[in-house]
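**Q** One structure, pasted below without further comment.
The values are calculated or read from the model by the stated rules, or taken from the named source; none is laboratory data. Keep in mind that this is a model prediction, so the values were computed, not measured. Neighbour counts run over all protein chains shown; Cβ positions are idealised from the backbone, glycine included.
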Amino acid sequence: MSVMSMFARVVALVGAGAVAWRRAQSETPTPAWGNAPVVPEAKPQGAIPTLKMPTARGWDAGQLPTVADGLKVNAFATGLEHPRWINVLPNGDVLVAESSQVASRIGSLFSYAMQATMRRAKALGESANRITLLRDRDGDGVAEVQQPFMQNLNQPFGMALVGDTFYVGNVDGVVAFPYTQGADSITAAGKKLTTFGTGGHWTRSILPSPDGTKLYIGVGSLSNIAESGMEVEKGRAAVYELDIATGEYRIFGAGLRNPVGLAWEPSTQALWTVVNERDGIGDETPPDYLTSVKDGGFYGWPYCYWGQTVDDRVPQDPALVATAIKPDYALGGHTASLGLCWMPAGTLPGFGDGMVIGQHGSWNRSKLSGYAVVFIPFENGRPSGPPRDILTGFLAPDEKVSYGRPVGVTIGPDNSLLVADDVGDVIWRVTGA
């Protein structure tokens, strides 16, 4: 056993002690979900934050996630290397970005503890830096072809095809590549269109506008609450808009700590995102959220959360706090809601129009949350009811190990729902039973 692995076990024991102590101090709060959640008062955790992350185990042979009534699930592809995001090409090929968070400089005992814990949970490691092509030739719901589509990228995540150009969201910026319809791979050199800071929240999702003239890109913060100052956070915690014709790009929505999944609501053409909120002030405080993104809107980070609730740990900007927009729909505290896609009515039996969300799962609360794929129903362009589970069972009942952790979600070429699982190294396929 390595020194870091041994240290991870020690950290887990210390974390368990902190969890037990905090549970003894207060009742378990009601999960903060929906349009009008009850968000508990902040309780700063200080130098010893709650740290509880299950060990990554993976799936046993024949083991599957638990699927909602009326649905079934199968493995569309296995043996991947930390699959994070999915993109479906017009010819039905499925592309999967395989990448990981990589270790940063260790500046404190806490950062060493975090890295040790994240490695044990398979949330940190060597990045494959690859996009893999999956092809189901015979239509049986399993990809017979699994081969490299692009290699030697830089922590790739978001992908988009617009016309004959394929866009990749590397950690340091969006890169454009020439694409030939039906190609098995891209080997041509790309053109870098944007530059983003690296480190911290590293995923760079991409979503084309419905008319194909613009790209929208999610860029997360470097830190939790700008503890190293706002200068290093410049240009981060935002959704960008890139004009494809001119190459100009600008911040479209700001104050979004870590906006990852992006999706269009078709009836209103509004842009929506899921955002991972700040840590260290409680199990349900504040909740992660699903929200529409208004052009020029500010959503609070780092000064405030869930509207204009001030975070006293942060030097304040009252004028900016006064403009903060309350998000549309709470998704529970620290659920790590990452994946997002619009699912039209009829895609899965029993489900109407709404958003599907891949919840990667918490690491920093006394009772774990997330580790599920959930559905939020919509009516008239807005969330319209409580969440419904699509896939669960990614976490062991005793919360000690995770079999998988869902990330990206998208509608497959056969009208199925595809889910990237970066601990199980699987792409799951959900259909009617």
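**Q** Tally up the residues in segment 136-160 that are under 21 Å from Val409 (Cβ atoms) and buried (at least 18 other Cβ atoms within 10 Å of the Cβ), please.
**A** Residues that pass the stated criteria total 9.
**Q** Which residues, counting only those in segment 225-262, are part of a loop (DSSP other than H, G, I, E, B) and of a type in the set (Gly, Ala, Ser)?
**A** Those that are part of a loop (DSSP other than H, G, I, E, B) and of a type in the set (Gly, Ala, Ser): Ala226, Ser228, Gly229, Gly235, Ala237, Ala245, Gly247, Gly255.
**Q** Which one of these is of a type in the set (Asp, Glu) and either surrounded by 18 or more Cβ atoms within 10 Å (Cβ to Cβ) or closer than 30 Å to Gln45 by Cβ (or both): Glu248, Glu231? Write out each step before concluding.
**A** Numbers: Glu248 fails: either surrounded by 18 or more Cβ atoms within 10 Å (Cβ to Cβ) or closer than 30 Å to Gln45 by Cβ (or both).
Every option except Glu231 fails the conditions.
**Q** Only one of Ile48, Ile131 is farther than 21 Å from Ala396 by Cβ and modelled with pLDDT of 90 or more; which?
**A** Step by step, each of Ile48, Ile131 is checked, and only Ile131 is farther than 21 Å from Ala396 by Cβ and modelled with pLDDT of 90 or more.
**Q** Restricting attention to segment 238-287, report how many residues are polar (S, T, N, Q) and free of Cβ contacts under 8 Å to residues at least 24 places away in the same chain.
**A** 1
**Q** Are any residues in segment 375-397 closer than 22 Å to Thr28 by Cα and free of Cβ contacts under 8 Å to residues at least 40 places away in the same chain, and if so, which ones?
**A** Selection gives Pro397 alone.
**Q** Right, next: Does segment 157-172 contain at least one residue that is more than 24 Å from Gly190 (Cβ to Cβ) and touching a strand residue (DSSP E or B) at 6+ places or on another chain (Cβ under 7 Å)?
**A** Checked against the condition, which is being more than 24 Å from Gly190 (Cβ to Cβ) and touching a strand residue (DSSP E or B) at 6+ places or on another chain (Cβ under 7 Å), segment 157-172 yields no hits at all.
Quick grid of which residues meet (1) among the hydrophobic types (A, V, I, L, M, F, W, C); (2) closer than 21 Å to Gly339 by Cα:
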residue: Gly182; (1), (2): no, no
residue: Gly199; (1), (2): no, yes
residue: Thr203; (1), (2): no, yes
residue: Ile206; (1), (2): yes, yes
residue: Val219; (1), (2): yes, yes
residue: Ala245; (1), (2): yes, no
residue: Pro266; (1), (2): no, yes
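**Q** Here is a list of conditions, (1) out of contact with any Phe, Trp or Tyr (no Cβ under 6 Å at 6 or more places or on another chain); (2) without any contact (Cβ under 8 Å) to a residue 60 or more places away in the chain, and Gly199 meets all of them except one; can you say which number that is?
**A** (2)
**Q** Something else about it: So, Ile217, is that one aliphatic (A, V, I, L, M), at pLDDT 95 or above and either assigned to a strand (DSSP E or B) or in contact with a helix residue (DSSP H, G or I) (Cβ under 8 Å, 6 or more places away or on another chain) (or both) or not?
**A** Here the answer is yes, as Ile217 does meet what is asked.
**Q** Within segment 108-156, which residues are small (Gly, Ala, Ser) and either in contact with a strand residue (DSSP E or B) (Cβ under 7 Å, 6 or more places away or on another chain) or more than 24 Å from Arg204 (Cβ to Cβ) (or both)?
**A** Ser108, Ala113, Ala116, Ala121, Ala128, Gly139, Gly141, Ala143, listed by residue number.
**Q** Out of all the residues in segment 347-365, is one or more free of Cβ contacts under 8 Å to residues at least 12 places away in the same chain, over 30 Å from Asn91 (Cα atoms), surrounded by fewer than 24 Cβ atoms within 10 Å (Cβ to Cβ) and of a type outside the set (Gly, Ala, Ser)?
**A** Within segment 347-365, none of the residues are free of Cβ contacts under 8 Å to residues at least 12 places away in the same chain, over 30 Å from Asn91 (Cα atoms), surrounded by fewer than 24 Cβ atoms within 10 Å (Cβ to Cβ) and of a type outside the set (Gly, Ala, Ser).
**Q** I would also like to ask the following. Here is a check on your reading of the model: is Ala176 under 26 Å from Met118 (Cβ atoms) and either over 24 Å from the mean Cα position of the chain (by Cα) or of a type outside the set (Phe, Trp, Tyr) (or both)?
**A** The answer is no for Ala176.
**Q** Mind checking whether some residue in segment 291-298 is among the hydrophobic types (A, V, I, L, M, F, W, C) and modelled with pLDDT of 95 or more?
**A** Scanning segment 291-298 turns up at least one residue that is among the hydrophobic types (A, V, I, L, M, F, W, C) and modelled with pLDDT of 95 or more.
Quick grid of which residues meet (1) among the charged types (D, E, K, R); (2) under 19 Å from Ile357 (Cα atoms); (3) at pLDDT 95 or above:
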{"position": "Pro65", "(1), (2), (3)": "no, yes, yes"}
{"position": "Asp69", "(1), (2), (3)": "yes, yes, yes"}
{"position": "Lys72", "(1), (2), (3)": "yes, yes, yes"}
{"position": "Ala77", "(1), (2), (3)": "no, no, yes"}
{"position": "Trp85", "(1), (2), (3)": "no, yes, yes"}
{"position": "Pro90", "(1), (2), (3)": "no, no, yes"}
{"position": "Val102", "(1), (2), (3)": "no, no, no"}
{"position": "Ile106", "(1), (2), (3)": "no, no, no"}
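**Q** Just to check your reading of the model, which residue among Ala263, Ala238, Ala270, Ala183 is under 21 Å from the mean Cα position of the chain (by Cα), surrounded by fewer than 17 Cβ atoms within 10 Å (Cβ to Cβ) and at negative phi?
**A** Every option except Ala270 fails the conditions.
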